[in-house]
Amino acid sequence: MKTFKHHIPTKVVFGRKTFLKIREEIQSLKLNTQSIAIVCGKSAIRNEYIDYIKKQLPIVEVFDGVPQDPSVETAKEFKKKIASVNPTLIIAIGGGSVLDLSKVVAGALTNEGEIEEFIGIPECFNNPTIPIVAVPTTSGSGSEVTPYAVLTNKVEWKKAPVISSYIFPVLSINDPELTISMPQHITANTGIDALTHCIEAFVSKRATSISKLYSMEGIKLIRKYLPKAYGNPKDIEAREKVMLGSLLGGMAITDAGAGLVHTLAHILGVIYDVPHGLAIAMFLVPVLKFYGLAAEKEIVEIGEVFGIKTENTETVLSEIETFLKFLGKPDNLSFFGVSEQDIGNFVSIAMAKRFLMGNLPKIPTEKDIRVIVKNLINSP
């Protein structure tokens with residue numbers, strides 16, 4: 001067995017109505033509540049989550065309006081506003097965009113440098129961040145238990161992570177009741193993101209015995225319960241199981257990393273403004289097909305979790321594709337307006353991230369990227 005490391009310093013509190021215990025959990029960690037900054041989207045206000053926190057904790061300032069897929073510019077704006085209250089604690093309540101933005105700001109407030117300088121640099125922060133409490137309201141990013149935070153650089157048309165062990169939240173409150181209000185398409189897109197975290201971590205060269213356990217259980221939960229949550233948003237058991245699958249996916253990529261699916265999805269997302277989970281759905285099967293023999297054993301094992309006992313990887317990939325289409329995946333990239341003239345953008349941006357591809361079971365060439373994208377454009 002190979003040597004590996006496993007480090008997730010986040011205290012996770014999981015279960016129904018755990019959000020109602022947020023004050024007690026913060027007190028149990030003896031966090032400084034002298035000045036609390038809450039970062040959120042509009043839904044957290046609409047659903048009255050912020051009102052509840054205000055009643056539970058003193059000296060709270062709310063910074064709302066976090067957009068989908070926040071940019072470097074957005075992070076700078078929030079950093080400036082949040083710095084004005086000199087926070088001792090940041091509570092991030094929302095989806096992956098809210099959690100990621102909060103983690104970046106928490107690090108930028110205690111470290112010198114421009115935010116764009118931190119992107120793509122392993123262990124980019126030298127100093128500990130403002131402590132972060134994460135309260136996810138979607139089941140997808142797993143950001144509540146990762147050292148990653150993704151930002152978009154619109155100047156360079158790139159989307160990449162800030163990476164630092166300092167940006168692990170100190171506390172995560174995972175309450176599935178907070179996900180019931182998610183619209184159907186967001187349930188699908190975030191769930192696909194979570195599933196892909198589990199799958200990409202499982203086929204990664206960095207996968208460990210522990211991360212594989214997370215991945216397999218996450219795949220099993222999401223495969224069974226995401227269609228139920230998608231079909232019946234009020235099914236609290238399904239919401240609970242998908243949230244657990246998402247949490248396990250976050251733990252899996254913390255150890256093993258994500259992969260080429262995310263690299264290509266980030267390009268589609270930043271250039272064509274496609275929601276992250278939907279972009280992920282487009283590339284999951286084509287990338288697994290590209291890996292081929294390099295990930296054959298792992299794909300067969302994934303098939304078993306999907307309920308398919310076969311050595312034929314094509315059969316497994318076909319079943320995954322059917323699963324994705326049930327959740328609303330379009331047939332091809334032409335749906336988003338992508339044409340063959342755009343293939344060069346995917347190739348150049350993906351190749352610029354080649355230094356991050358060491359964990360892939362098979363590293364793509366420019367030609368490989370070109371073929372993957374071209375086939376997806378012309379797919380029937």
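The values are calculated or read from the model by the stated rules, or taken from the named source; none is laboratory data. Everything numeric here is computed off the predicted structure, so don't read it as measured data. Neighbour counts are summed over all protein chains in view; Cβ atoms, including those assigned to glycine, are modelled from backbone coordinates with ideal geometry. What goes into the accessible areas is simple: the full protein's heavy atoms, side chains included, and nothing from ligands, DNA or RNA. Shrake-Rupley method; radii C 1.70, N 1.55, O 1.52, S 1.80 Å.
Overview of values
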| quantity | calculated |
| --- | --- |
| Candidates ILE363, ILE343 - the one that is of a type in the set (Val, Ile, Thr), surrounded by fewer than 21 Cβ atoms within 10 Å (Cβ to Cβ) and not in a helix (DSSP H, G or I) | ILE363 |
| Residue match in segment 131-144 (condition: open to solvent by less than 10 Å² (accessible area, probe 1.4 Å) and farther than 24 Å from VAL104 by Cβ) | no |
| Criterion violated by GLY41 - all others in (1) at pLDDT below 95; (2) within 21 Å of ILE253 (Cβ to Cβ); (3) under 22 Å from the mean Cα position of the chain (by Cα) satisfied | (2) |
| Residue list for segment 18-29, filter: part of a helix (DSSP H, G or I) and open to solvent by 50 Å² or more (accessible area, probe 1.4 Å) | LEU20, LYS21, ARG23, GLU24, GLN27, SER28 |
| Options VAL145, VAL133, VAL155; residue that is under 15 Å from the mean Cα position of the chain (by Cα), outside the structural domain of VAL270 (by TED's automatic domain parsing) and among the β-branched types (Val, Ile, Thr) | VAL145 |
| Test: ASP69 is within 20 Å of the chain's Cα centre (by Cα), open to solvent by 10 Å² or more (accessible area, probe 1.4 Å) and at pLDDT 95 or above | no |
| Entirely in segment 30-133, the strands (runs of 3 or more DSSP E) that have 1 or more residues that are of a type in the set (D, E, K, R) and more than 25 Å from MET243 (Cα to Cα) | 60-63 |
| Flag if ILE271 is touching a residue at least 24 places away in the same chain (Cβ under 8 Å), surrounded by fewer than 24 Cβ atoms within 10 Å (Cβ to Cβ) and either among the β-branched types (Val, Ile, Thr) or not assigned by TED's automatic domain parsing to the domain that holds LYS329 (or both) | yes |
| Selection status of PHE336, open to solvent by less than 30 Å² (accessible area, probe 1.4 Å) and either in contact (Cβ under 8 Å) with a residue 12 or more places away in the chain or among the charged types (D, E, K, R) (or both) | no |
| Residue that is surrounded by the fewest Cβ atoms within 10 Å (Cβ to Cβ) [pool: residues in segment 323-333 that are hydrophobic (A, V, I, L, M, F, W, C) and within 28 Å of GLU366 (Cα to Cα)] | LEU324 |
| Test: residue in segment 4-18 that is among the small types (Gly, Ala, Ser) and over 22 Å from the mean Cα position of the chain (by Cα) | no |
| Some residue of segment 231-238 being of a type in the set (A, V, I, L, M), crowded, with 21+ Cβ neighbours inside 10 Å and touching a residue at least 60 places away in the same chain (Cβ under 8 Å) | no |
| Evaluation of TYR214 against (1) under 30 Å from ASN32 (Cβ atoms); (2) in contact (Cβ under 8 Å) with a residue 40 or more places away in the chain; (3) open to solvent by 10 Å² or more (accessible area, probe 1.4 Å) (one fails), failing number | (1) |
| THR196 among the hydroxyl-bearing types (Ser, Thr, Tyr), in contact with a Ser or Thr (Cβ under 6 Å, 6 or more places away or on another chain), surrounded by 24 or more Cβ atoms within 10 Å (Cβ to Cβ) and not assigned by TED's automatic domain parsing to the domain that holds GLU73 | no |
| Single unsatisfied condition, GLY41 versus (1) open to solvent by 70 Å² or more (accessible area, probe 1.4 Å); (2) within 17 Å of GLU61 (Cβ to Cβ) | (1) |
| Hey, ASN111 free of Cβ contacts under 8 Å to residues at least 24 places away in the same chain and either open to solvent by less than 30 Å² (accessible area, probe 1.4 Å) or not assigned by TED's automatic domain parsing to the domain that holds GLY15 (or both) or not | yes |
| Leading residue by the ranking (farthest from the chain's Cα centre (by Cα)) among those in segment 48-63 that are closer than 16 Å to ILE93 by Cα and open to solvent by 50 Å² or more (accessible area, probe 1.4 Å) | LYS55 |
| GLY191 within 30 Å of GLY231 (Cα to Cα) and either outside the structural domain of GLU321 (by TED's automatic domain parsing) or part of a loop (DSSP other than H, G, I, E, B) (or both) | no |
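Matching residues to (1) open to solvent by 50 Å² or more (accessible area, probe 1.4 Å); (2) acidic (Asp, Glu); (3) within 22 Å of the chain's Cα centre (by Cα):
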{"site": "PHE306", "(1), (2), (3)": "no, no, yes"}
{"site": "SER318", "(1), (2), (3)": "yes, no, no"}
{"site": "GLU321", "(1), (2), (3)": "no, yes, yes"}
{"site": "ARG354", "(1), (2), (3)": "yes, no, yes"}
{"site": "GLY358", "(1), (2), (3)": "yes, no, yes"}
{"site": "ASN375", "(1), (2), (3)": "yes, no, no"}
